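Please read the structure below before turning to the comments.
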Amino acid sequence: MRDAQPKNIYLKDYQSPLFLIDQTHLRFDLFEDYTQVDSRLVMRRNRQQHQNNNEPLVLVGQQLALLDIKVDGELLTSADYLLEGDLLTIYKVSNNFELEISNRIEPQNNTALEGLYKSSGMFCTQCEAEGFRRITYYLDRPDVMSIFTTEVIADKARYPILLSNGNAVAQAELAAGRHSITWHDPHKKPCYLFALVAGDLMVKDGSFTTMSGRMVELKIFVEPQNIDKTDYAMDALKRSMKWDEDKYGREYDLDIFMIVAVDDFNMGAMENKGLNIFNSSCVLANPQTATDAAYQRIEAIVAHEYFHNWSGNRVTCRDWFQLSLKEGFTVYRDAQFTADMNSKTVKRIEDAAIMRTVQFAEDAGPMAHPVQPDSFIEISNFYTVTIYEKGAEIVGMIHKLMGDAGFRKGSDLYFERHDGQAVTIDEFVSAMEDANNTSLTQFKRWYKVAGTPRVDVVSHYDAEAKSYRLDFKQSTSEAFLIPIELGLIAQDGSVLEASLSSCAENKADCYDGQLFQLTETEQSLIFSDVAEEPVPSLLRDFSAPIKLNYAYSRDQLLFLMQFDSDGFNRWDAGQNLALDVIFEVMQQQKNGQPITVDQRLITAYQGLLQQSGLDYAMLAKAMLLPSVSYIAETQAEIDIHAINNARSQVQAILADALAEDLLCLYEKLNTQTAYLPEPAQMAQRGLKNTALAYLLKSSDPQYCQLAVNQFGTNDNMTDSMAALSSLVNSAYSTAASIALEEFYQQWSAEPLVVNQWLAVQAGSVEYGNLENINKLLSHEAFDIKNPNKVRSVIGTFAGQSLVNFHAVDGAGYQLLADKIILLNTLNPQIASRLVAPLSKWRRYVASQGVQMKKQLQRIMAQEDLSKDVYEVVSKSLAAE
Ligand code: BES
Ligand code: ZN
């Protein structure tokens, strides 16, 4: 337990700042045992919003050693201020004044990786959300925007590269081998976008000419051994810059854009103005060390952070309750970019799968919160799939409602109206409304209400009257505005022509032949002149983040798999069919009946494999059975072992039945082309490796050799890792061990590759993996202080190796809780994120649930629980 209960912060308590900071001058003197930070702030009272305010100045700082304070050049005495906890109160200040503060910090001992810290010998910062307060006393809130000038001083031999936001404006050689570089950022920004880097780095140079003809220097800074892994990120950056100009009319606004790769980073990457800092795993790649999946992630994250320059930096958040304003919108923008660069449908399938497995689960668990939350204890806990992915889905729905041109008008107005401001989600919606002369009042419910809306749909065909009716019913008593894309398909697979005869009792324009706007709790669409009973294709393109129920028969699903013109729904029909078959097998297992798999599923998959001309990336998606986590999410009470057994049985039966076709496909696709990280090749490798993984699940042992061969003979990490993974997740444990050993010998000097090696083992779906996890945790390659290693071993174990994490004796839960307790003091953000798998204990069968709960209680009983872990654990245990 903690000494004092951490307090909730409420959106309703928001007040504009009493003081503003026009200029921020920072000087960092970096040494090995401490860093001195001298700040000079040009400040004034915020008279515009607080007319008669004569309040004292209150700054926030965390874990700082205060040296001295001056106001307008006068040194303060201890009677002039109060330092209590994290708050520094200065009693008397005038309306306009300069505040100078000196303090010291110890970056070398900072394991939380917030504020200024050291990573593999270099200094770097992470200030979002509230890390700047670990650097100096400040108004650490996003609605205080300031012009920053930053001088960085360090030993020149150790730290030849000194970086901060904006442009380098001065440099000096100093005594004792030290040097100084001063940076100035002409754009005002909140302190969460501040960044500093000092290290011995090599740079990859590039350039981009903007749409108005300005030349921008592009620089990617990395440790020297990684300079051969920067090409792809540089190209992705240029593609992003071009795309944002073409698609949103957004031009870059500084003469230089820098990216730095660091090994120790809590997140993926950070959009600091002009100086993005990236987790090295999200920027470094070459064909030998990175998989296709890593390349795709790099492209998406480079784009995401770059896009923040407008959606986040130029227009930022008023307070952290508005986090989705920048994150939801930017995730939507990066998803559009990925869709444009690769396959639109595949991207939609991936995003829908994340919503359904991860976000729906979050929304049904103890940490459920609206996209605009109304309270939090620790903001770091709110960088969630709900804020990010559901937030992006909401922006996507606005896009569908406004249409392409309307959406662009809305975003143009938003950027123009709010440039240089810190604003709210409401202001984003207002810009969309104003630009389109429409009201989104009902729609805004999506931002304010947690939980996943369910829509039940029932159809009625009247053969005599030739009329067809779809009845929609929303699960919540107050209706959402839900955009539902739909179409009717005739029995020969063609688009069914039908005219809408009546809609929504007096809402005649609710369906335009494609998009239906469901606005009532109960609403019907009635079509006339319908010659035959159609099959409805509902929620095409996953047009809203909801659960839609319609009682499709298996034959109807087979029909949709084949004939739906919407790629997403073709895929979804296959998933629903497979799901239904797996449910049936679960039932057979439960009843002790013999296992049978509906021949129609096998035939359908066979059809997919033999159908020539199908897009490889789509085929790879269509071949995969719904994941264990997705199946789990559909269950009222989760029995992971029953789910896993049923799914594995279906998978094995499919593998045996399809082996010949799979082998044929594998051989066809296994061409020896020189590796390129481009979409067509990635799709081909993806499908080939899907076939390989299936073959290793069949009962014929000959296919093991296929994986062994692929492992030994290829020029790229994608094929090596796929072969290794298929071996590790198979019964061929000897072959797997040999390959794992060989792999480590080859790659032990490449940390990013070693992390993949750790992860592929930690995520094994074979029973009995727990012992191996303990070995990995004490392996020389593991380091509890490095978040990537923690994610590779502990995160992957709890998230992928489900049958072992949920081991019936509770040992998996205990292992996770042990590590959470250890990380609670080292790195609270990382510790807190690891609680999620335990937090949903109420959803599991009682025998598992009580053991999960027991571990949560054990964590709760710890001394010095961080706010981060406290919030998630206490909410998980709270009475419902
Ligand atoms: N602003 C965030 C990074 C961040 C999050 C910093 C939380 C501090 C606390 C950044 O823009 C981001 O969202 N990064 C994502 C990747 C992105 C592609 C969704 C990440 O780091 O996972
Ligand atoms: Zn972001």
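The values are calculated or read from the model by the stated rules, or taken from the named source; none is laboratory data. On a predicted model such as this, the values are computed, not experimentally measured, just so you know. Note: ideal-geometry Cβ built from the backbone for every residue, glycine included; neighbour counts use all protein chains shown. With ligands, DNA and RNA removed, areas are computed over all heavy atoms of the protein, side chains included. Shrake-Rupley method; radii C 1.70, N 1.55, O 1.52, S 1.80 Å.
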Past the 22 Å Cα-Cα mark, which pairs from K12/K473; K590/K840; K189/K247; K189/K238; K473/K547; K347/K547?
K12/K473; K590/K840; K189/K247; K189/K238
Would you be so kind as to identify all helices of the chain, as entire DSSP H runs, whose Cα atoms reach 18 Å or more along the helix's own axis and whose mean Kyte-Doolittle hydropathy is at least 0.5?
811-826
Going by average Cβ density within 10 Å per residue, which order do the peptides 833-839, 135-141 take, highest to lowest?
135-141, 833-839
For A479 and E416, extending 7 Å from Cα along the Cα-Cβ vector and measuring point to point gives, in nm, a value of 3.4 nm
Compute the distance in nm between two label points, each set 7 Å from the Cα along the Cα-to-Cβ direction, one at K785 and one at T438.
5.4 nm
What's the center-to-center distance, using Cα atoms, between segment 1-72 and segment 94-146 in Å?
10 Å
The lysines whose Cα lies under 20 Å from the Cα of K118, excluding any fewer than 8 residues away in the same chain, are K156, K785, K789
Counting helices only, and only those DSSP H runs with n ≥ 4, report the 222 nm mean residue ellipticity of the chain as the sum of -39,500 (n - 2.57) divided by its residues, in deg cm²/dmol to the nearest 500.
-12000 deg cm²/dmol
For the chain, give the percent of accessible area contributed by carbon and sulfur heavy atoms, probe 1.4 Å, rounded to a whole number.
49 percent
Could you compute the net charge surrounding E485? Neighbours are other residues with a C-beta less than 11 Å from the C-beta of E485; K and R count +1, D and E count -1.
-1
Computed from every Cα-Cα pair in the chain, P(r) in 10 Å bins starting at 0 and rounded to whole percents is 2, 11, 20, 25, 21, 12, 5, 2, 0, 0
Rounded accessible area per residue of the chain, 1.4 Å, Å²
39 Å²
What span do the alpha-carbon atoms of segment 471-622 cover on each of the three principal axes, reported in whole Å from largest to smallest?
53, 38, 30
Roughly how many Å is it from the Cα centre of segment 809-852 to that of segment 607-673, as a whole number?
30 Å
Accessible area in the full protein assembly, largest first, 1.4 Å probe, for S627, S778
S778, S627
Which order do E106, E532, E660, E217 take when ranked by solvent-accessible area (1.4 Å probe, heavy atoms of all protein chains), largest first?
E660, E106, E217, E532
Environment charge of L577, counting only residues whose C-beta is closer than 13 Å and scoring Lys/Arg +1, Asp/Glu -1:
-3
